[in-house]
C-alpha cells in the first residue's frame, strides 16, 4: 500500500507510514475491499518468485556459454600457436589488468581535485552575514497607527460630540 500523503510504499499491516508518519489504520480499512484476495496474492508471489528464478537460470546459462566460448578460443589458440604463447598471453593480460586497476584506483587522487576558490569567493566565505547593514539606503516608512490612540470613525456610529 502506498501512503496517500507522501507516496512511500508501506506494508498493509503497518500502522504508520515509514516516510511521513501518517496513521494508516483508517486508510487501510477504507481500501480493504480493493485489496486482492489471499489466493490471488499468493499466486502473484509465486509468479514473481518463478520469474526471479528464471532470470537467475538464464544468467547462469549465459555465464556457462561465455566460459565455453573462452575455452574454445583458448583451445584453438593453443593448437595454432602452442602452449608458450597461451601462457604468455595470460601473464600479459594479468599484468595489464593489474596496471589498469592501479591506474583506476589512483586516478581520482591525482587528477580529480577540487579547484581553488577565486579571490571573491574567498572574501565572501570569510564575511559574516549575521550583522545588519549599517548604512541603510532608505528611510523606513511610518505606520498610520503609530503614536495615536484615537478611534477611527465608523459610518454606522453616530457621534454625540
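Just so you know, all these numbers are worked out from the coordinates, no wet-lab data involved. None of these values were measured; they are calculated from a predicted model. A quick note on method: Cβ atoms are made from the backbone with ideal geometry, for glycine too, and the neighbour counts reach across all protein chains shown.
One decimal place: the segment residue 110-residue 16 gains 29.0 nm when fully extended, by the rule 0.36 nm per residue minus the C-alpha distance. Annotation: the residues 47, 18, sorted from fewest to most other C-beta atoms within 10 Å of their own C-beta, follow the order 47, 18.
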